[in-house]
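Novice: One structure, pasted below without further comment.
Taken together, the values in this text are just the output of simple stated rules run on the coordinates, not laboratory data. Keep in mind the model is a prediction, meaning the values are calculated, not measured. In this analysis, Cβ positions are derived from the backbone assuming ideal geometry, glycine residues included, and neighbour counts consider all displayed protein chains.
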Amino acid sequence: MPRLARTVVTVCACLATPGWLLAQATDGPRQLPAAQTGCDSLRQAAVDSVYQADAVDRPVRAPHLSVRGLPYRMREVLTGRTMLRFVVDGSGWVDRCSIALVEESSPEWTAAVLTELRGARYEPARKGGRRVRQVVYQVFTYHSDGRTDVSQ
């Protein structure tokens, strides 16, 4: 009998899951349009190797990124969180065509972050004494009291 009771609880827990959470889990994050990322598809793609953070001598160092131009409606939200994946090239610029959305709580917050990210300059990764391309996962958080957090 205890087995049946656990099954019923599990079914109830599944039924209580919000629809938006189930949709996000099955569909994955939304695709970012090139106009939002600033991707220039006519530019030739880089052919250099792209490294993970644990495969370089010194990983990319993120600058302090102040997100300005928050949409008015965003200020009514308690928090906003966006996680992006992108490649930082050997000169420290974000490869705009590599920007991908991993997670978001608000499309308005994501749009504000992307505006600033397109012009951000990072300290590039180094491997063997030379600058290399590295994939970066970065979380951007907004709080209703005006604080913004950027993961390093």
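Novice: From the backbone phi of region 79-89, what are the Karplus-calculated ³J(HN,Hα) couplings (6.51 cos²θ - 1.76 cosθ + 1.60, θ = phi - 60°) in whole Hz, Gly and Pro given as x?
Specialist: In residue order, the calculated couplings are 8, x, 9, 9, 10, 10, 10, 7, 10, 9, 7 Hz.
Novice: Sorting check: for 108-116, 124-132, which peptide has the highest mean count of neighbouring beta carbons within 10 Å, and how do the rest follow?
Specialist: 108-116, 124-132
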